[in-house]
Amino acid sequence: MSYQVLARKWRPRSFSTLVGQEHVVRALTHALTEQRLHHAYLFTGTRGVGKTTLARILAKSLNCESGISATPCGQCSACQEIDAGRFVDLLEVDAATNTRVDEMRQLLENAVYAPTRGRFKVYVIDEVHMLSNSAFNAMLKTLEEPPEHVKFILATTDPQKIPVTVLSRCLQFNLKQMPPQAITGHLSHILGAESVPFEAPALALLARSANGSMRDALSLLDQAIAHGTGKVEESLVRDMLGTVDQDYLFTLLEAMAQGDVSAMLSVADLMTERSLSFDSALQDLAAMLTRLQVAQLAPAAIAEDTPDRSRLLALAGAIDAQTVQLAYQISVHGRHELPMAPDPHAGFVMTLLRLHAFAPRQPGEGPSPGKALAAPRAQAPAVKAAPSRISVPARAAEAPVVQPVATPAEMMPAAQVVAADSEAPGDWQSILDSLQLSGMARALAQHCELLKLGGEVVQLRLPPAHRHLIMKAAQDRLQQALGEYCGRPLQLQIEVAEVSTLTPAAILQQEREERQDRAVAAIEQDPFVREVIDIFDATLIESSIKPI
């Protein structure tokens, strides 16, 4: 006997076995029980959610020899023939290949004749949105005045393309995508019945890759069984799907929190060695950042049995909420830009560099050891640093010069007088506060040290670790803003070298850490907290403390 794929073998044959569409089943069951039958039904939804399956079950309910009901017997000749796809009064039409008006007219001409075997003649038209306008018009006449023995069941993935004149004559049901939990439960039931050993995390991976389609999930399950030679294991499923282990993502975000760009890039190298999908990695990274934000704003929503819960909560305390929001946007945009990158690895690396560049701290100035990723009685695994893969041309160390704007020099307003050769970072911070810069221009300015602002020249020094901020658009915007501030055209010069004073960004990070240390000290000295620690031998999770 030939092998039957799981998607066909386990296709639901009754409303009770249909998974994930309870709202549609409830409405149809009530209508069948009360004999309130409509002449035309429209099922909409993405692929593999049960549109055609529902149409066949409904056809059985209408034509079962035991009578019209929501529970067809499944044993009579009508039910068995419908399940086998050979019931003469069930006409299934693929509108994608029968789009012309002549074909539709020929199909509908037979609608006036009584059914041969069943109680109703049922027309199931799949992908109905593919019909031409003329074909829709030909169908409309029959939909307006249908014979009593005819039922139409239309199915489509794109209801917006169906004329409103047709929509208004149909009872419409929108089938939703299957939730991962429903898919996982159904796959578990099938594997149990098929006596196939499996690991629960492997089913979760298949459910996530199916994107809400039960049919896709069953097809992937067939592939996973073949790939695993009769068993479904997490490691083998990961290899088959090319999905990224959650440990890679945790390592990536922990390295970002520490400002360790080399460790971030080492994750990309490891993924390349394993031929993992960078598109899936960015998708999973966005999903993890979503969980991370939930852990920050609603930690009670993270279930106690969630895998890596302690690691997630520790990471939630190491990265501020605003950075998580920004990282989510960078991940989503990075995935969108991936097809336009020179190659997937380069696109992924650039996304990681953006995550590092926009993090509000300098490399090496992350939270101090022991505080950054503290978890109750456990520390997150250390990130193994790897040599940086970024090579910078020798000329990059020279000071890029932006040509001055060719306009007549004007006198600086008295309210904006800044002493020449000013080196005080406080002065530079006050200037930045007046400039109202944003985006890359502000990031560039905040990481620079002011060397000179006098005459027609402004000289800045940028640490080598932030040379990636030197972009023409950012320099042009900064030069323009400084010229407007001083009331005269200026020539911006940026030298790449180690700074001798704290930059505004470094001062901001220092103030943030001082506030955090004061908050931790205040909590530690609280009498109630000390009493709880002494009585229950509790551990204070410093990463969960936030300064007010």
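The values are calculated or read from the model by the stated rules, or taken from the named source; none is laboratory data. Note that the coordinates shown come from a computational prediction; the quantities given were computed from them, not determined experimentally. Note: ideal-geometry Cβ built from the backbone for every residue, glycine included; neighbour counts use all protein chains shown.
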### Task
Assess whether Ala298 counts as being surrounded by 16 or more Cβ atoms within 10 Å (Cβ to Cβ) and either in contact with a Pro (Cβ under 8 Å, 6 or more places away or on another chain) or aliphatic (A, V, I, L, M) (or both).
no
### Task
Could you identify the single residue in Ile125, Ile57, Ile68 that is touching a helix residue (DSSP H, G or I) at 6+ places or on another chain (Cβ under 9 Å) and surrounded by fewer than 18 Cβ atoms within 10 Å (Cβ to Cβ)?
Ile68
### Query
Take the residues of the stretch 186-195 that are modelled with pLDDT of 90 or more and touching a helix residue (DSSP H, G or I) at 6+ places or on another chain (Cβ under 9 Å): which is surrounded by the fewest Cβ atoms within 10 Å (Cβ to Cβ)?
Ser188
### Summary
Of the conditions (1) closer than 20 Å to Glu127 by Cβ; (2) surrounded by fewer than 17 Cβ atoms within 10 Å (Cβ to Cβ); (3) of a type outside the set (Val, Ile, Thr), the single one that Glu199 does not satisfy is (1)
### Message
As an exercise: evaluate Glu92 against (1) surrounded by 15 or more Cβ atoms within 10 Å (Cβ to Cβ); (2) more than 16 Å from Val128 (Cβ to Cβ) and give the number of the one condition it does not meet.
### Response
(2)
#### Entry: Checklist (1) crowded, with 21+ Cβ neighbours inside 10 Å; (2) without any contact (Cβ under 8 Å) to a residue 24 or more places away in the chain applied to Ala268, failing item
(2)
## Note on the structure
When (1) more than 21 Å from Val19 (Cα to Cα); (2) out of contact with any His (no Cβ under 9 Å at 6 or more places or on another chain); (3) not assigned by TED's automatic domain parsing to the domain that holds Leu282 are applied to Leu252, the one that fails is (3)
### Task
Return a yes/no flag: does the stretch 328-349 have any residue that is assigned to a loop (DSSP other than H, G, I, E, B) and modelled with pLDDT under 80.
no
### Message
Step by step: first the residues of the stretch 104-120, then only those that are of a type in the set (D, E, K, R) and over 17 Å from Asp94 (Cα atoms), then the one that is surrounded by the fewest Cβ atoms within 10 Å (Cβ to Cβ). Which residue is that?
### Response
Glu109
### Task
Mind listing whichever residues of the stretch 186-207 are touching a Leu at 6+ places or on another chain (Cβ under 9 Å) and assigned to a helix (DSSP H, G or I)?
His186, Leu187, Ser188, Ile190, Leu191, Glu194, Ala202, Leu203, Leu205, Leu206, Ala207
### Task
Quick one: which helices (runs of 4 or more DSSP H) lie wholly within the stretch 1-117 and hold at least 1 residues that are modelled with pLDDT of 90 or more and among the hydroxyl-bearing types (Ser, Thr, Tyr)?
22-33, 51-63, 77-84
### Query
With (1) free of Cβ contacts under 8 Å to residues at least 24 places away in the same chain; (2) surrounded by fewer than 20 Cβ atoms within 10 Å (Cβ to Cβ) as the list, and Glu234 as the residue in question, which single condition is left unmet?
(1)
### Summary
Counting only residues that are under 18 Å from Gly317 (Cα atoms) and surrounded by 12 or more Cβ atoms within 10 Å (Cβ to Cβ), the stretch 515-537 contains a total of 8
### Task
Find the residue count for the stretch 525-548, including only residues that are of a type outside the set (A, V, I, L, M) and either within 24 Å of Ala257 (Cα to Cα) or assigned by TED's automatic domain parsing to the domain that holds Ala321 (or both).
6
### Query
Any chance the stretch 126-133 includes a residue that's under 30 Å from Ser213 (Cα atoms) and charged (D, E, K, R)?
yes
#### Entry: Tally, over the stretch 32-69, of residues that are of a type in the set (Ser, Thr, Tyr) and over 28 Å from Ser213 (Cβ atoms)
3
### Conditions (1) surrounded by 15 or more Cβ atoms within 10 Å (Cβ to Cβ); (2) among the small types (Gly, Ala, Ser); (3) modelled with pLDDT under 90; number of the one not met by Ala155
(3)
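Yes or no: Gln283 part of a helix (DSSP H, G or I) and either outside the structural domain of Asp343 (by TED's automatic domain parsing) or closer than 30 Å to Pro547 by Cβ (or both)?
Here the answer is no, as Gln283 does not meet what is asked.
Inspect the stretch 50-58 for any residue being at negative phi, in contact (Cβ under 8 Å) with a residue 60 or more places away in the chain and polar (S, T, N, Q) and give the result as yes or no.
Yes, the stretch 50-58 contains at least one residue that is at negative phi, in contact (Cβ under 8 Å) with a residue 60 or more places away in the chain and polar (S, T, N, Q).
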### Query
Can you pull out the residues in the stretch 259-279 that are at negative phi, at pLDDT below 85 and of a type in the set (S, T, N, Q)?
Ser277
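Considering only residues of the stretch 467-506 that are among the small types (Gly, Ala, Ser) and under 20 Å from Val261 (Cα atoms), which is modelled with the highest pLDDT?
The extreme case among them is Ala497.
So that you can scan it fast, the table gives a plain yes or no per residue for (1) closer than 30 Å to Gly455 by Cβ; (2) part of a helix (DSSP H, G or I); (3) out of contact with any Pro (no Cβ under 6 Å at 6 or more places or on another chain):
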{"residue": "Tyr485", "(1), (2), (3)": "yes, yes, yes"}
{"residue": "Arg488", "(1), (2), (3)": "yes, no, yes"}
{"residue": "Leu492", "(1), (2), (3)": "yes, no, yes"}
{"residue": "Val499", "(1), (2), (3)": "yes, no, no"}
{"residue": "Ala505", "(1), (2), (3)": "yes, yes, yes"}
{"residue": "Gln510", "(1), (2), (3)": "no, yes, yes"}
{"residue": "Glu514", "(1), (2), (3)": "no, yes, yes"}
{"residue": "Ile533", "(1), (2), (3)": "no, yes, yes"}
### Residues of the stretch 465-484 classified as over 16 Å from Ala443 (Cα atoms) and crowded, with 20+ Cβ neighbours inside 10 Å, total
1
